[in-house]
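Quick notes on the structure that follows.
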Amino acid sequence: MKAKVTIAYDGSLFFGSQYLRKNGDLALPTVLSVFEEALRSIGVFSAIAHAGRTDRYVHALGQVLGFSIPDFWSNADRLKTELNKKLYPKILVRKVEIVSDDFHPRFSAKSRVYRYVISTTRPSIILSRFVTYSPDFDYRRAKMVINEFIGSRDFYYFSKRGGGEKTTIRTIHNIAIRRYKRLIIISFEGDGFLRSQIRMIMAAVLKISSGKAEIEDIAKQFAGKSTRFREPAPAEGLYLAKVRY
């Protein structure tokens, strides 16, 4: 029997989502290590798989986990309640579903949706953990820039090494930009994303929209002729919003 669990968390509280081990032991608190500890406290000792890696300071509204459960946790509502007792407020369990044994949160996914949140006014000390401050951001210019990344492309030069991927070709189905009160939200939906891919894309969007680079620099970087956008955009503005199955 398997559980599919949708969670939300504040990425500033963890050293990323994946396990960090030293000499075989868990060295630093990560999303999976904290969740595993909660599971063990209620008698569940299964390995945990997740839909997508998030780095330190990257948040989640709809991260999905998958793990095997014994029969006595077959009541999804009861399992959700018990996990939230152990995990909240660091992690919020939003939904628990009982699924077939062949479900895998990563390999069963059809697409993933990420959001990047920008504030053009200086955020409060509390909000600063959840947005990227960009006072010179030009909304109209950014709308033109995001179109350069839609479709199937080789994102080798718009990602960080170390993800262990067999190919760096990815398909971004849609990128949308909208205003919400004083914030600007850019949404990405794709079949999958490389390590720091969205943050590298956002580095280009932020620089070009603020007049610090030109839109032609994107094509040059795709071709490997220039690496104008070497440093990823800040992690604080990025959210794993949803995984579609």
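A few points about this structure:
- Arg53 being within 22 Å of the chain's Cα centre (by Cα), surrounded by 15 or more Cβ atoms within 10 Å (Cβ to Cβ) and at pLDDT 95 or above: no
- Restricting attention to the stretch 91-140, the residues that are free of Cβ contacts under 8 Å to residues at least 12 places away in the same chain and open to solvent by 40 Å² or more (accessible area, probe 1.4 Å) add up to 7.
- Of all the listed residues (Phe72, Phe67, Phe45), the sole one being part of a helix (DSSP H, G or I) and either hydrophobic (A, V, I, L, M, F, W, C) or farther than 22 Å from Arg106 by Cα (or both) is Phe72.
- Verdict on Gly151 being in contact (Cβ under 8 Å) with a residue 60 or more places away in the chain, at positive phi and more than 16 Å from the chain's Cα centre (by Cα): no
- Counting only strands (runs of 3 or more DSSP E) that sit wholly inside the stretch 98-203, those with at least 1 residues that are closer than 23 Å to Glu236 by Cβ are 111-119, 169-180, 183-190.
- Against the list (1) farther than 24 Å from Gly211 by Cα; (2) crowded, with 17+ Cβ neighbours inside 10 Å, the condition Leu183 fails is (1).
- Residue check: Ala109 meets all listed conditions (1) modelled with pLDDT under 95; (2) farther than 19 Å from Pro29 by Cα but one, namely (1).
- Residues within the stretch 192-228 that are closer than 13 Å to Phe149 by Cβ, of a type in the set (A, V, I, L, M) and either modelled with pLDDT under 95 or crowded, with 16+ Cβ neighbours inside 10 Å (or both), tallied: 10
- Only residues that are among the charged types (D, E, K, R) and farther than 19 Å from Ile201 by Cβ were counted across the stretch 108-134, and they come to 3.
The values are calculated or read from the model by the stated rules, or taken from the named source; none is laboratory data. Just so you know, these numbers come straight off a predicted model, no measurement behind them. We place every Cβ from the backbone using ideal geometry, glycine too, and count neighbours over all the protein chains shown. Each accessible area value is taken on the protein alone, full model and side chains, heavy atoms only, with ligands, DNA and RNA left out. Shrake-Rupley method; radii C 1.70, N 1.55, O 1.52, S 1.80 Å.
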